[in-house]
Amino acid sequence: MKVTIIGNGNMAKGIATRLIGGGHEVIIHAKDETKGNELAEQLKQVSGDAAVSVAPVGSSASDIVIVATPYGEIANVAQAYNGFEGKVVVDITNPVDFNTFQLIPEPGKSGAEEIANQLPGAKIVKAFNTTFAGTLVSGTVEGQELDVFVASNDQDAKDKVIELVKTSGMRPIDVGPLSESRHLEGFGLIQMKIQDQIGTNWMSALKFIG
């Protein structure tokens, strides 16, 4: 598959690493083209002759778009692309107020649903919000493949993301409609809160075993 990743930070690197390893083509859309090129070179060094290229934010995006930016940047991304009409847009964010360390959306709502409201023409899929960047780069935790929880109201879009995850060496788990993103974002919040306590240096993962 051809996938656009918007962003050039750690999560963009981690997700791109897994996708390239699965034989997918990745296009990095970076606001800072220099940083985008640096990321592309890092990916090529790790994955050999990787199918990765760089384009500026706001340029034409592929049919699957992964928005690897903070939650607060979504409105700017939506404006830069004039929405994503008809495209599968993967929301990886955890909408956390880092002053209070609580979720931003009111109880019963999710950041993913708010993003769906901002991008009414897009097919929103929640995924990757419980996978830390370092674990994505390594591909496993304690020898176990990563679980990626996926939620969406659009089954076709969800199936495409599930296939993308599966072919990239991870285990996709369909958790239902987009409203379940509230629980995924809660998982993400707890996971961040306990990092100092468990001392894994952000290399832990949520995994169902049995």
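Yes or no, residue by residue, for (1) in contact with an Asp or Glu (Cβ under 8 Å, 6 or more places away or on another chain); (2) at pLDDT 95 or above; (3) among the basic types (Lys, Arg):
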{"site": "13", "(1), (2), (3)": "no, yes, yes"}
{"site": "38", "(1), (2), (3)": "no, yes, no"}
{"site": "46", "(1), (2), (3)": "no, no, no"}
{"site": "66", "(1), (2), (3)": "no, yes, no"}
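Could you say whether any residue in the range 109-126 is under 20 Å from residue 202 (Cβ atoms), of a type in the set (A, V, I, L, M, F, W, C) and modelled with pLDDT of 95 or more? Quick ask: steps written out before the conclusion?
Within the range 109-126, the first condition is being under 20 Å from residue 202 (Cβ atoms), and the residues that meet it are none.
Among the residues of the range 109-126, not one is under 20 Å from residue 202 (Cβ atoms), of a type in the set (A, V, I, L, M, F, W, C) and modelled with pLDDT of 95 or more, which makes the answer no.
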Inset, instruction - Starting from the range 170-183, keep only residues that are within 12 Å of residue 145 (Cα to Cα), then list their pairs with residues that are crowded, with 18+ Cβ neighbours inside 10 Å whose Cβ atoms are within a distance under 6 Å, requiring at least 6 positions of separation or different chains. - result: 170/146; 170/148; 171/147; 172/148; 172/150; 172/162; 172/165
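Only one of these is under 15 Å from the mean Cα position of the chain (by Cα), surrounded by fewer than 23 Cβ atoms within 10 Å (Cβ to Cβ) and farther than 18 Å from residue 18 by Cα: 95, 70, 105. Name it.
On the way: 95 fails: surrounded by fewer than 23 Cβ atoms within 10 Å (Cβ to Cβ); 105 fails: under 15 Å from the mean Cα position of the chain (by Cα).
Being under 15 Å from the mean Cα position of the chain (by Cα), surrounded by fewer than 23 Cβ atoms within 10 Å (Cβ to Cβ) and farther than 18 Å from residue 18 by Cα holds for just one of 95, 70, 105, which is 70.
Any residue that is closer than 19 Å to residue 4 by Cα, over 14 Å from the mean Cα position of the chain (by Cα) and not charged (D, E, K, R) - is there at least one of those in the range 179-191?
To start, the set of residues in the range 179-191 that are closer than 19 Å to residue 4 by Cα comprises none.
Within the range 179-191, none of the residues are closer than 19 Å to residue 4 by Cα, over 14 Å from the mean Cα position of the chain (by Cα) and not charged (D, E, K, R).
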Legend entry - Filter pass, residue 121 being among the small types (Gly, Ala, Ser), surrounded by fewer than 24 Cβ atoms within 10 Å (Cβ to Cβ), farther than 24 Å from residue 9 by Cα and out of contact with any strand residue (DSSP E or B) (no Cβ under 6 Å at 6 or more places or on another chain): yes
Legend entry - Filter result for residue 159 (charged (D, E, K, R), within 15 Å of residue 128 (Cβ to Cβ) and without any contact (Cβ under 8 Å) to a residue 60 or more places away in the chain): no
Legend entry - Which listed residue is among the hydrophobic types (A, V, I, L, M, F, W, C), modelled with pLDDT of 95 or more and part of a strand (DSSP E or B), from 165, 150: 150
Inset, instruction - Run residue 75 past the list (1) in a helix (DSSP H, G or I); (2) at pLDDT 95 or above; (3) surrounded by fewer than 20 Cβ atoms within 10 Å (Cβ to Cβ) and report the number of the one that doesn't hold. - result: (2)
Inset, instruction - Spot the failing condition for residue 101; the list is (1) touching a helix residue (DSSP H, G or I) at 6+ places or on another chain (Cβ under 6 Å); (2) touching a residue at least 60 places away in the same chain (Cβ under 8 Å), and only one is missed. - result: (1)
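The values are calculated or read from the model by the stated rules, or taken from the named source; none is laboratory data. Just so we're clear, the structure is a prediction, and the values are computed from it rather than from any experiment. Because the Cβ atoms are built from the backbone with ideal geometry, glycine has one as well, and the counts that use them run over all protein chains shown.
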